[in-house]
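Worksheet: the structure to be examined is printed underneath.
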Amino acid sequence: MTPMKIAIACDHGGLNIKNAIIKDLKLIGLEFTDFGTDTTDSVDYPVYAKKVCAAIQEGKADYGILCCGTGIGMSMVANKQKGIRAAVVTDDFCAEMTRRHNNANVLCLGGRVLTEEQAVRLTNIFLSTYFEGGRHQRRIDMMED
Ligand code: RB5
């Protein structure tokens, strides 16, 4: 993987997989910022989604990882933020394709959907797959119009 900066956050429903992903990011040696939450106390996922998206918008991170119970709430918030393309992913194929074709910059994962091993695997696929550009860039430009 090329050097990249990751912003990561979760709510109480995603804490387990966020911790597993962070352990793996440390092993790989990727630079990351953890925006919380750090306990299983109930919190509001929009707060955390916005922190990660702001880090990307400000150029402090290249990619974001957001973990909640399903990944869905995080993705809904993230996709309302300018310049953010967030994808909820539950399988290897979509983890790859959302990078290759959608140039997704935020990966959303569900701690009540995935095992820790699956979450780590999907993160690795996402972070190691390149955007193909070309006709896919045209379609992304149309999204931003
Ligand atoms: C929290 O209970 C849960 O609603 C949240 O983690 C997430 O799954 C929302 O989409």
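The values are calculated or read from the model by the stated rules, or taken from the named source; none is laboratory data. Not measured: the values here are computed from a predicted model. Cβ atoms come from the backbone with ideal geometry, glycine included; neighbour counts cover every protein chain shown. Note: accessible area is taken over every heavy atom of the protein model, side chains too, but ligands, DNA and RNA are not part of it. Shrake-Rupley method; radii C 1.70, N 1.55, O 1.52, S 1.80 Å.
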* Residue check, Glu58 against (1) within 18 Å of Thr70 (Cα to Cα); (2) open to solvent by 60 Å² or more (accessible area, probe 1.4 Å), all met but one. Which one? -> (1)
* How many residues does the stretch 1-19 contain that are more than 16 Å from the ligand (Cβ to nearest atom) and either open to solvent by less than 10 Å² (accessible area, probe 1.4 Å) or assigned to a helix (DSSP H, G or I) (or both)? -> 2
* Here are some conditions: (1) free of Cβ contacts under 8 Å to residues at least 60 places away in the same chain; (2) buried (at least 23 other Cβ atoms within 10 Å of the Cβ); (3) within 16 Å of the ligand (Cβ to nearest atom). Gly111 meets all but one. Which one does it not meet? -> (1)
* **Per-region count, the stretch 55-69, residues under 17 Å from Phe126 (Cβ atoms) and within 11 Å of the ligand (Cβ to nearest atom)** => 3
* Asked: Considering the stretch 87-137 alone, what residues qualify as being part of a helix (DSSP H, G or I) and of a type in the set (A, V, I, L, M)?
  -> Ala95, Met97, Ala119, Val120, Leu122, Ile125, Leu127
* **Which listed residue, of Asn79, Asn124, Asn105, is open to solvent by 70 Å² or more (accessible area, probe 1.4 Å), polar (S, T, N, Q) and within 12 Å of the chain's Cα centre (by Cα)** => Asn79
* Scan the stretch 24-54 for residues that are in a helix (DSSP H, G or I), under 9 Å from Ala9 (Cβ atoms), more than 11 Å from the ligand (Cβ to nearest atom) and open to solvent by less than 30 Å² (accessible area, probe 1.4 Å) and jot them down. => Val52
* **Residue within the stretch 24-46 that is free of Cβ contacts under 8 Å to residues at least 60 places away in the same chain, within 15 Å of the chain's Cα centre (by Cα) and closer than 15 Å to Arg112 by Cβ present** => yes
